[in-house]
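To start, the structure under review is shown below, and the notes come after it.
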Amino acid sequence: MRAPSIRTDRARGVGLLAELAGRRFLAGSVGAYFLGFAVFGMIARRSNTVLYLVVTATLVGVFTFIHLKVGLSDGELRALALLGFFHLAGGLLQTGSDRILYNMPVGPYPLQIDRLVHAFGGGTLALVAWRMLRARAPDVDALFLVALAAMGATGLLAPRRWR
């Protein structure tokens, strides 16, 4: 199912405020978890709070711009909202004295929550990249470029180990 394009609405004067009004629940949810994690991080004195908030706010801005240009679907917007929530929770919630949620192992395998979040993020970014490329060049089969974009973005998001 193809998402309606915002371009036709923008010609009639519909912009960011109209989009926010039309998606009150989603916008309110993102605003609530962002504000909640900001307050929590400051009260709990998490040293990485500002970094996680700046990165998340920047990405919200970037994906809002992309949505206004190409018209992301409701599912893509929800996936991006979940990704923002997982990003903030993974970096700000502690599971032990020196361990954040991202570093928590999952099951008997050497798998950590950060790998699951980044895999979900890579898939979400692949969908968004697909939407963007199809909007720019609808006649070109851009699957290969989308795969490269998703791999590159996921590589940028992969956590660096500090020793």
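Considering amide H positions built from the backbone, and no H for Pro or chain starts, which residues 5 or more places from Gln112, or on another chain, come under 5 Å of its amide H?
Val106
Hey, what do the phi angles of the stretch 71-84 turn into as Karplus ³J(HN,Hα) couplings, whole Hz, using 6.51/-1.76/1.60 and θ = phi - 60°, x for Gly and Pro?
Per-residue couplings from phi come out as x, 5, 6, 4, x, 5, 5, 5, 4, 5, 5, 5, 4, x Hz.
Whole-Hz ³J(HN,Hα) for each residue in the stretch 120-126, computed from phi via Karplus 6.51 cos²θ - 1.76 cosθ + 1.60 with θ = phi - 60°, x for glycine and proline: what do you get?
Karplus values, whole Hz, x for Gly and Pro: 4, x, x, x, 5, 5, 5.
Taking the alpha-carbon centroid of each part, what is the distance from the stretch 32-62 to the stretch 65-95 in angstrom?
Cα centroid to Cα centroid, the span is 13 Å.
Per residue of the stretch 19-27, in order, report the coupling 6.51 cos²θ - 1.76 cosθ + 1.60 (Karplus, θ = phi - 60°) as ³J(HN,Hα) in whole Hz, putting x for Gly and Pro.
For the stretch 19-27, the Karplus-derived couplings read 5, 5, 5, x, 10, 4, 5, 5, 5 Hz, x marking Gly and Pro.
Which value in Å does the Kirkwood hydrodynamic radius of the stretch 19-120 take, with 1/r averaged over all unlike C-alpha pairs and then inverted?
Averaging 1/r across every pair of different Cα atoms and inverting gives 14.7 Å.
Taking amide H atoms as placed 1.01 Å from N in the peptide plane, list the residues 5 or more away in sequence, or in a different chain, whose amide H sits under 5 Å from that of Ile100.
Hits under the 5 Å cutoff: Thr95.
If I model a spin label as a point 7 Å beyond the Cα along the Cα-Cβ vector, how far apart are those points for Arg115 and Leu59 in nm?
1.9
Collect residues whose amide H, placed 1.01 Å from N in the peptide plane, falls under 5 Å from the amide H of Gly71; neighbours closer than 5 in sequence don't count.
Under 5 Å from the amide H of Gly71: Ile6.
Set the Förster distance to 30 Å, then compute FRET efficiency between Met42 and Leu16 from the Cβ-Cβ distance, nearest 0.05.
Numbers: r = 28 Å, r/R0 = 0.92.
It comes out at approximately 0.60.
Coordinate-derived values only; no laboratory data. All figures in this text were calculated on a predicted structure; none of them were measured in a lab. Neighbour counts are summed over all protein chains in view; Cβ atoms, including those assigned to glycine, are modelled from backbone coordinates with ideal geometry.
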